[in-house]
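The values are calculated or read from the model by the stated rules, or taken from the named source; none is laboratory data. Remember, it's a predicted structure, so these values are computed and weren't measured experimentally. Here the Cβ positions follow ideal geometry from the backbone for every residue, glycine too, while neighbour counts run over all protein chains shown.
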Amino acid sequence: MSHKVSLTVNGTAHTREVEARLLLSDFLRHDLGLTGTHVGCEHGVCGACTILLDGVPVRSCLMFAAQINGKSITTVEGLSADGKLSPLQEAFRDAHGLQCGYCTPGILTTMTAFLAETPKPSEGDIREALSGNLCRCTGYQNIVDAVKLAAERMSAKP
Amino acid sequence: MSTRSFGQPIKRNEDARLLQGKALFVDDVELPRLLHAAFVRSPHAHARIRGIDTSAAKKRAGVVAVYTAADLGDYWKPGPLLLPPPPIEGVVFNERTQVPLVKDKVRHAGEPVVLVIAEDRYIAEDAAGDVVVDYEALPAVVDLEKARDAKTGFVHDDLKTNVAAHVRQTKGDYAKAVAGAACVIKRRFLYDRGTSLPIETRGVVAQWDGKADRLTVWDTTQAPVFIRNGLAAMLNLSERQVRVIAPFIGGGFGPKIMMFYPEEVLLPWAAMKLDRPIKWIEDRFEHFFATTHERGQLHDAEIALSKDGRIIGVKDVFLHDTGAYDPYGLTVPINSQCTLLGPYIVPNYDSTFTALFTNKPIVTPYRGAGRQHGVFVMERLLDIAARELKMDRAEIRRINFIPPDAFPYDNQIIYQDFAPLVYDSGNYQPILDKALKAIGYKQFLEEQPALRAAGKHQGIGLVCYVEGTGIGPYEGAKVQVQGSGKVSLATGIGTQGQGHYTSFAQIVADQVGVAVTDVDVVTGDTDQFYWGAGTFASRGAVVAGNAVNDAAKVVRQKILRTAAEHFECAEEDLALSNGAVSVVGVPGKTVKLGVLADEANPMRGAVKPGTEPGLEATSYFGPEMGATAAGIHAMIVEVDPETCTLEIKKYVVVHDCGTVINPLILAGQIHGGVAQGVGNAFYEQLVFDDRGQLLNASLADYLIPTALDVPRMTLDHTVTPSPLNPLGIKGAGEAGAIPVGPLFAQAIEDALGLPGQGVELNEIPLSPSRLWELAGALAKIDTSATRVR
Amino acid sequence: MKPAPFRYAAPASLEEALALKAEHGDEAKFLAGGQSLVPAMNFRLAQPAVLIDLNGLDALAYVKAEGGTVRIGAMTRYHTLQRDKTIGSKVALMAEALPEVAHPAIRNRGTLGGNLSHADPASELPAVVLALGGTLHARSKKGARAITAKDFFVGVLTTALANDELLAEIELPVFPPRSGTCFLEVARRKGDYAMMGVACAVTLDAGGACSDVHLAYCNAGETPVAAPKAAQALKGQRLDDKTARDAAEMAKGEIRPFGNVHASVDYQRHLAGVLTRRALIAAYGRARA
Ligand SMILES: Cc1cc2nc3c(=O)[nH]c(=O)nc-3n(C[C@H](O)[C@H](O)[C@H](O)COP(=O)(O)OP(=O)(O)OC[C@H]3O[C@@H](n4cnc5c(N)ncnc54)[C@H](O)[C@@H]3O)c2cc1C
Ligand code: FES
Ligand code: FES
């Protein structure tokens, strides 16, 4: 049995028929072609698949597409507009906060929401907020520095 | 000339795409009529297959094909041996390589038995569940010593032994030398299994295009050229008919190179047979069995020293767990054997290892690739020796360093690249001085008693290592100036986050006078570059980097020659910068590279004899042997003696990897390596039960460090260029990961004052639980073999 | 790691949800935050034929303070509980434990009802609810019933809920003045299930001696495990290092940990002793503050 879902992703409205068991991560990646959302474990631990559901970071591998009727989703593709990097993305580039870049989309979505709630984070706050996203390449230090840099730049701007 | 970018912390070219979710990874490949594969994998570690019933799976709606080993016919073959054993006298090597699908006997849990192909992965998994395999479970070979001693119960029955290899290498005469030693220390060291765990699992997409008569394979491999060549041979195609693309790869760390994985062999075959593209993306559960592991070794080691702490010799006998097959030859245990010697003068060395087959997933190199085991043994022995001889831990290391004037330094044994283990260059004392200063060694030791009195259990550790990097055979690169004025660079290696799109671009940019962002780098596409070996052993920057440099130099010459004709002047009067060539001192006399590229490839008129069209060059570089990097890690740790949990207070890395191309990227490599080392030292362990079952095959239970577990690191460098390559670089990819185990052991021991209680930490990984057990097991360590005269 | 097929239903009302559950019984599972159920389905360890999604039932998400109790709707998410003033002031023990549960993105979805119904003995919150002496209110098509926390957890991943019942509300008593609580755990990494955790509550009489003590442990047996003997022994006593140590020793004998890949049984027991002592002292300090 399939289910009809209507939702907004990165500001664009979509309506699709989905099978009940289709994971939201697979729906975004393969039905909508938004492959920026990555999948690293499909059991909620790695955080690579984290998206913003009505602005709140959640694991897309732990939800079904059938559950998102009427919701609004932001994926990594929605963080920048017209190819212009967001301040957070820009800071990741400047501070070398990514290597293979596989964990990066989930970290960017998670940290975008975090900075909105915590504009002036301490290093400890950042590490705590990051602790649900696994990165195997960077050792986290440059990610932490990138988030700090973004916070500074964003609070410097009015 | 433009500002030199070589050596500068240039931001990465590839980041904009990665940051916006626009980079192509293997699972992002979507093709019309794409099918999906799933595998039936053995739940047993060791079992005979009595029968397979695939009828229900075949009947399921959406299932396209179900294959067992029997269906493969002649295509069923054990995989190739990637590296034969090095030419060491007396070496024993039993080659047994992995098979695409198990025919008769399963040799490790998770070994693939049946391939299911369906319209989507969900259905493929449903159908895999429909398959019934009749197994006769056999007792599993798990423990190393039992594997060695086995009279029955062989992983490979025909061998009548579980020995995969046996190698002895010696330098000097240890047996003789030990007689004159003032201090001999003998201990057993254990280093248990872990896995590389890239956040992207492996994956393969294979597409056969019958009209074009070509096979295209997207693969998360670190070595696309080898895969192309191998597939062509297996499938009876010409190499030109096969294109292997390693697009963006989500971390490799070694195991993504273990060519050929069964999935890499099977998907292209099935795609041709079914004439439809097929995708297989390893899921995280599969990853724990289907991707190779590393690190199980058991050492019985002995060090002999003079009264003043000079090393007289080391003897080591160790067992190495190679898992169910040994396609990667002896690389890992030989690395352990060679790297043990470290930055020290060891006049007499006697090292023997036995590699053993076990009913566990295959072992191949993972970042460090056995080097950490050697470092662990040597550094622990030195710690114990310092204690016995009442010497300072830093001092015993310092006095044993190979002096700077002794290079090239010949260790008189053979390395994994078949070349003699000769260190090209090095200067270790400045590394130590910097490390001691950065960690505040003296000051800490002075403060430690007061901290202890205040109930703070803090300890310090300091560990030295060398790393053989940048081994051959060779890599190549093609540099080409395009009509647009942009420069393209293609090389055969794959990239998994090491920043090659930038570091290689820097090399080219400097030679031809363009911005780094104007160099478009392609790696890992066999249609773009034909030849190459792959990304492993910290060799990308060294080997491919030098090929890139050479090709770029030739292109520079071609540019100058073309421009000299253009302006009718001498080449010496020309300067390259900002994507153009100008005549020095004559304002306005400037021509853009794009224009020159077109002039070098005219639509009319012939190319002059002896010249080639275009501003293009291809070069290859093959170092005669590896370049040896070195470094020291130091840390201060605080341990809660009741819970045995840790807090790392300070972490310092001082590293010498020769000339640095991009310090930003280098720092990132070291940070990442340390994080993996921290995982290896205190968090990550693959736990097998005595039936060979992996007990923690999930990310919830196989613990890779989070942002709260990896400390902030302070980095410093010294630079001793390698004489072996024009750029003077040495590899750095693995350095971060190598010394962390012994560092943890040493610092934790120190924090808890364990040696004073007769407790030593001679195993890795540790954990709070294990630490508590060891610390509680007071005076259980057998020190009887220690004698101090 | 893709889930097996199932039928998905998103009922618009509690009644509808209960009717569906009554119809399908063991074949059906409620879907709350999905942070335990969906991983289990992806591993195909759980293969429910019917999934009844509770996420549309806003009426099940609330925190209310009433008299001496706080009532929490089963679908209240950790994220909400962590930021709720009532929880912070009246159920401080839960507030202290919540940050130890998983990570922010998981806490944005996970629910208290889902957590307790999942009944993972290693989880923090069952131990908290047990230490607090909570009451769990179940609903079914047939009616409602109240189950004490002590009776609710019956085994590993097993509760007293019947196969037509839904956990609707969690009722927690508010401790009287001169009470202090403390939650402590040791996990491998922040956000992991604890190797050992203790939820502790201490109430003092006017003279400063313990009049009421509760101790409950996570990852200490097949269910959250209380240590009533240790708690009882402290009654009438002042808490100091010595009495805390004695109680901790006693508690170590009351728990029944079974060890796992991360922690041996002996280490777990040892941790229970250390954490009990530390938690008692901390709770005592808070009770006096
Ligand atoms: C990476 C990660 C780390 C985690 N770490 C921790 C941790 O450290 N500590 C911890 O405690 N938990 C941890 N969890 C689990 C998490 O807390 C879950 O949210 C919780 O266990 C289940 O709550 P849920 O709302 O997600 O329920 P679900 O997963 O939706 O449901 C769980 C079970 O309860 C049933 N159920 C749900 N609601 C009801 C109801 N109202 N009535 C009857 N039955 C119901 C479901 O049918 C299912 O069987 C972690 C999860 C992840 C993914
Ligand atoms: S893929 Fe969803 S958390 Fe790892
Ligand atoms: S950058 Fe590779 S996993 Fe984070």
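If the condition is being under 20 Å from residue B:203 (Cβ atoms) and within 16 Å of ligand 3 (Cβ to nearest atom), then region A:43-60 contributes A:45, A:46, A:47, A:48, A:49. Pairing residues of region A:129-151 that are within 14 Å of chain C (Cβ to nearest Cβ) with residues that are among the hydroxyl-bearing types (Ser, Thr, Tyr) and more than 14 Å from ligand 3 (Cβ to nearest atom), at Cβ distances under 8 Å and at least 6 apart in sequence or on separate chains, gives A:129/A:118. Quick check on my filter: what residues within region B:184-208 are within 30 Å of residue B:278 (Cα to Cα), part of a strand (DSSP E or B) and within 14 Å of chain A (Cβ to nearest Cβ)? Result: B:195, B:203, B:205.
Under the condition of being modelled with pLDDT of 95 or more and not in a strand (DSSP E or B), the residues counted in region B:645-669 number 1.
Among the residues of region B:672-726, those that are away from ligand 1 (no atom under 16 Å from the Cβ), within 14 Å of chain A (Cβ to nearest Cβ) and over 30 Å from residue B:409 (Cβ atoms) comprise B:675, B:678, B:679, B:684, B:710, B:711, B:712. Does residue B:227 satisfy the criteria of being closer than 30 Å to residue B:316 by Cβ, at pLDDT below 95 and away from every other protein chain (no Cβ under 12 Å)? So residue B:227 does not fit the description; no.
Kindly establish whether residue A:52 is within 16 Å of ligand 2 (Cβ to nearest atom), more than 7 Å from every other protein chain (Cβ to nearest Cβ) and not small (Gly, Ala, Ser).
Values: within 16 Å of ligand 2 (Cβ to nearest atom): yes; more than 7 Å from every other protein chain (Cβ to nearest Cβ): yes; not small (Gly, Ala, Ser): yes.
In short, yes.
Condition first: crowded, with 19+ Cβ neighbours inside 10 Å and within 33 Å of the chain's Cα centre (by Cα). Now tell me which residues in region B:32-66 satisfy that. Of everything in region B:32-66, those that are crowded, with 19+ Cβ neighbours inside 10 Å and within 33 Å of the chain's Cα centre (by Cα) turn out to be B:35, B:36, B:37, B:38, B:39, B:40, B:41, B:42, B:44, B:45, B:46, B:47. Restricting attention to region C:110-123, does a residue exist that is within 16 Å of ligand 2 (Cβ to nearest atom) and closer than 27 Å to residue A:111 by Cβ? Yes, region C:110-123 has at least one match.
Within region B:197-224, the set of residues being among the hydroxyl-bearing types (Ser, Thr, Tyr), closer than 30 Å to residue B:698 by Cβ and at pLDDT 95 or above comprises B:201, B:220.
Can you tell which of B:163, B:155, B:167, B:178 is more than 27 Å from the chain's Cα centre (by Cα) and touching a residue at least 40 places away in the same chain (Cβ under 8 Å)?
Values: B:163 fails: more than 27 Å from the chain's Cα centre (by Cα); B:155 fails: more than 27 Å from the chain's Cα centre (by Cα); B:167 fails: more than 27 Å from the chain's Cα centre (by Cα).
Being more than 27 Å from the chain's Cα centre (by Cα) and touching a residue at least 40 places away in the same chain (Cβ under 8 Å) holds for just one of B:163, B:155, B:167, B:178, which is B:178.
Mind listing just one residue for me: the one in region A:1-37 that is acidic (Asp, Glu) and within 14 Å of chain B (Cβ to nearest Cβ) and, of those, nearest to the chain's Cα centre (by Cα)? Can you show your working first?
Filtering region A:1-37 down to residues acidic (Asp, Glu) leaves A:17, A:19, A:26, A:31.
Next, from what is left, pick out any that are within 14 Å of chain B (Cβ to nearest Cβ): A:19, A:26, A:31.
Working: A:19: 24, A:26: 15, A:31: 18 Å.
Of everything passing the filter in region A:1-37, A:26 is nearest to the chain's Cα centre (by Cα).
In region C:79-94, the residues that are at pLDDT 95 or above reach residues that are polar (S, T, N, Q) with C-beta atoms within less than 8 angstrom, at least six apart or across chains, in these pairs: C:79/C:108; C:92/C:181; C:93/C:181.
Any residue that is outside any loop (DSSP other than H, G, I, E, B) and either over 30 Å from residue B:121 (Cβ atoms) or away from ligand 2 (no atom under 14 Å from the Cβ) (or both) - is there at least one of those in region A:57-64?
Filtering region A:57-64 down to residues outside any loop (DSSP other than H, G, I, E, B) leaves A:57-62, A:64.
Checking which are either over 30 Å from residue B:121 (Cβ atoms) or away from ligand 2 (no atom under 14 Å from the Cβ) (or both) leaves us with none.
Within region A:57-64, none of the residues are outside any loop (DSSP other than H, G, I, E, B) and either over 30 Å from residue B:121 (Cβ atoms) or away from ligand 2 (no atom under 14 Å from the Cβ) (or both).
Under 30 Å from residue B:707 (Cβ atoms), out of contact with any His (no Cβ under 7 Å at 6 or more places or on another chain) and not assigned by TED's automatic domain parsing to the domain that holds residue C:100: is that true of residue C:208 in this structure? In short, no. Among the residues of region B:67-106, not one is within 24 Å of the chain's Cα centre (by Cα), within 24 Å of residue B:271 (Cα to Cα) and not in a loop (DSSP other than H, G, I, E, B).
Among residues of region A:1-22 that are free of Cβ contacts under 8 Å to residues at least 12 places away in the same chain, those with a Cβ under 8 angstrom from a residue that is small (Gly, Ala, Ser), sequence gap 6+ or separate chain, pair up as A:13/A:6; A:15/A:6.
Condition check: away from ligand 1 (no atom under 16 Å from the Cβ) and buried (at least 19 other Cβ atoms within 10 Å of the Cβ). Does residue C:209 satisfy that? Write out each step before concluding.
Numbers: away from ligand 1 (no atom under 16 Å from the Cβ): yes; buried (at least 19 other Cβ atoms within 10 Å of the Cβ): no.
Criteria not met by residue C:209.
Scan the helices (runs of 4 or more DSSP H) fully inside region A:65-158 and keep the ones with 3 or more residues being buried (at least 19 other Cβ atoms within 10 Å of the Cβ) and away from ligand 3 (no atom under 16 Å from the Cβ).
Details: elements: A:87-94, A:104-117, A:123-130, A:141-156.
Answer list for region A:65-158: A:104-117, A:141-156.
Residues considered: B:256, B:211. Of these, the only one that is more than 16 Å from ligand 1 (Cβ to nearest atom), more than 17 Å from the chain's Cα centre (by Cα), not in a strand (DSSP E or B) and not assigned by TED's automatic domain parsing to the domain that holds residue B:522 is B:211.
Let's see how each residue does on (1) of a type in the set (D, E, K, R); (2) within 16 Å of ligand 2 (Cβ to nearest atom); (3) crowded, with 19+ Cβ neighbours inside 10 Å:
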site: C:15; (1), (2), (3): yes, no, no
site: C:19; (1), (2), (3): no, no, no
site: C:35; (1), (2), (3): no, yes, yes
site: C:56; (1), (2), (3): no, no, no
site: C:67; (1), (2), (3): no, no, no
site: C:81; (1), (2), (3): no, no, yes
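Can you pull out the residues in region C:120-134 that are touching a Leu at 6+ places or on another chain (Cβ under 7 Å) and surrounded by 23 or more Cβ atoms within 10 Å (Cβ to Cβ)? Step through it out loud before you land on a result.
First, the residues of region C:120-134 that are touching a Leu at 6+ places or on another chain (Cβ under 7 Å): C:120, C:125-126, C:128-129, C:131-132, C:134.
Matches in region C:120-134: C:125, C:126, C:128, C:129, C:131, C:132, C:134.
Residues that are within 14 Å of chain B (Cβ to nearest Cβ), outside any strand (DSSP E or B), of a type outside the set (D, E, K, R) and within 16 Å of ligand 1 (Cβ to nearest atom) occur in region C:214-230; there is at least one. Among the residues of region B:119-146, those that are surrounded by fewer than 18 Cβ atoms within 10 Å (Cβ to Cβ) and part of a helix (DSSP H, G or I) comprise B:129, B:145, B:146. Taking the stated definitions as given, is residue C:185 within 16 Å of ligand 1 (Cβ to nearest atom), in contact with a helix residue (DSSP H, G or I) (Cβ under 9 Å, 6 or more places away or on another chain) and in the same structural domain as residue C:122 (by TED's automatic domain parsing)? Spelling it out, it is not the case that residue C:185 is within 16 Å of ligand 1 (Cβ to nearest atom), in contact with a helix residue (DSSP H, G or I) (Cβ under 9 Å, 6 or more places away or on another chain) and in the same structural domain as residue C:122 (by TED's automatic domain parsing).
Within region C:5-19, the set of residues being more than 7 Å from chain A (Cβ to nearest Cβ) and either small (Gly, Ala, Ser) or not in a helix (DSSP H, G or I) (or both) comprises C:9, C:10, C:11, C:12, C:13, C:17, C:19.
Counting the residues of region A:103-128 that are of a type in the set (S, T, N, Q) and more than 7 Å from every other protein chain (Cβ to nearest Cβ) gives 4. Out of the residues in region B:683-730 meeting the condition of being outside any strand (DSSP E or B), of a type in the set (Ser, Thr, Tyr) and touching a residue at least 60 places away in the same chain (Cβ under 8 Å), tell me which one is farthest from ligand 3 (Cβ to nearest atom). Once the filter is applied, the top-ranked residue is B:720.
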